[in-house]
1. Under a 1.4 angstrom probe, counting protein chains only, how are Trp256, Trp261 ranked by accessible area, largest first?
2. With an 8 Å Cα cut-off and a minimum separation of 6 or more residues, compute the relative contact order for the chain in percent.
3. What are the semi-axes of the equivalent ellipsoid for the stretch 84-216, taken as the square roots of 5 times the Cα gyration tensor eigenvalues, largest first, in whole Å?
4. Give me the accessible area per residue for the chain, probe 1.4 Å, as a whole number in Å².
5. Return the aspartates and glutamates within reach of Lys121: Cα separation strictly under 20 angstrom, same-chain partners fewer than 8 residues apart disregarded; answer none if there are no such residues.
6. Give the carbon-plus-sulfur fraction of the accessible surface of the chain in %, rounded to a whole number; probe 1.4 Å, heavy atoms of protein chains only.
7. Any number yet on Rg/Rh for the chain, C-alpha, Kirkwood?
8. Keeping all protein chains in place and using 1.4 angstrom, which order do Asp178, Asp45, Asp271 fall into by accessible surface area, from largest down?
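The values are calculated or read from the model by the stated rules, or taken from the named source; none is laboratory data. Quantities reported herein were computed from a predicted structural model and do not represent experimental measurements. Quick reminder, even Gly has a Cβ in these numbers, built from the backbone with ideal geometry, and neighbours come from all protein chains shown. To get the accessible areas, we keep the full protein, side chains included, count just its heavy atoms, and leave off ligands, DNA and RNA. Shrake-Rupley method; radii C 1.70, N 1.55, O 1.52, S 1.80 Å.
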Amino acid sequence: MKFLSIAAASVIAMAHAAAASTFGPLVTPQELASSLDESSPVIIDIRGDLYAEGHLPGALSAPYGQFRGPKTNPGQILEARELESLYESLGLQLNEPIVIVYEGGSSSDFGAAARVYWTLKSTGFEDLTILNGGYRAWTAANLPTSKDPVIPVPSELDITFSQQWTVTTDEAAEKALDGSALLVDARTTEFFEGDKKHPAAARPGAAPGAVNYVFAKFFDSGSAAIQSRIDTDAVKEAIGLSEGDEVVAYCNTGHWAAINWFALSEVGGIDNVKLYPGSMVEYSQAGHRMMNTPGLFKNLKNQLLGDN
């Protein structure tokens, strides 16, 4: 096993998480480079226009935006037929190992890779890995790059979208009110406390009863590589997670929340962790009850200060 956890329970959990994957949920640049010939993974570069400036040799370009919803609701899940068409255009096959490459300029960048990982996993792909640290970590290790575009051979797939790791808006609202799940807000404190909102959100605030666990806690300071060792007992204590509880990770648009989902589910091996992809943009637009919504005076003050 490539990655060891701090706690013994986490070691066992990670072994289960990595069992179906060539590399496990994370791979370092050095590990990937040393096994490329043997493992022959499909490398998906999600960096968009940066792909043309240089990428891992043999990598396919699949910009992050292709996996996202419209500007009015970026976290919205695409229809299965849209995802199927995208996968086919990339020549993907369900049984092939896939490595996802993000830019690696900041910890927030990891959210793009985590969201793509979650989307692929929800549509039947099992052998999934994220290049930890992204493209910048690869180049920092002085590993080879290419500017030659890769033209994939289209494939034929028949996919469905599994709800196993997903919570819808109505479900999130119900769970928030009846306490049947632990809602974990991955946003920074200013969003959680209602001092700031996403431009597409109807109003600031948080889901009732949610706890705030900022996504950046899963990264060492200044690093774009997520921690490969997570003390799951400490995290459970911090968020108040009891054995058997369902966890729902959310943020503004399912980007930062995808980091928390990935860290808890894939790295930490915690069972029953789900992502609310639409998050607070979709939640607020639906008019559901919220907490930490500022009153009229505070809301006006926030707008005048430009925090909204």
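1. If we order Trp256, Trp261 from most to least accessible, we get Trp256, Trp261.
2. Relative contact order comes out at 23 percent.
3. 33, 22, 13
4. Heavy-atom SASA per residue in the chain reads 44 Å².
5. Asp45, Glu79, Glu82, Glu84, Glu88, Glu96, Asp109, Glu156, Asp158, Glu246, Glu266, Asp271
6. 50
7. That ratio equals 0.97.
8. Of Asp178, Asp45, Asp271, the descending order of accessible area is Asp271, Asp178, Asp45.
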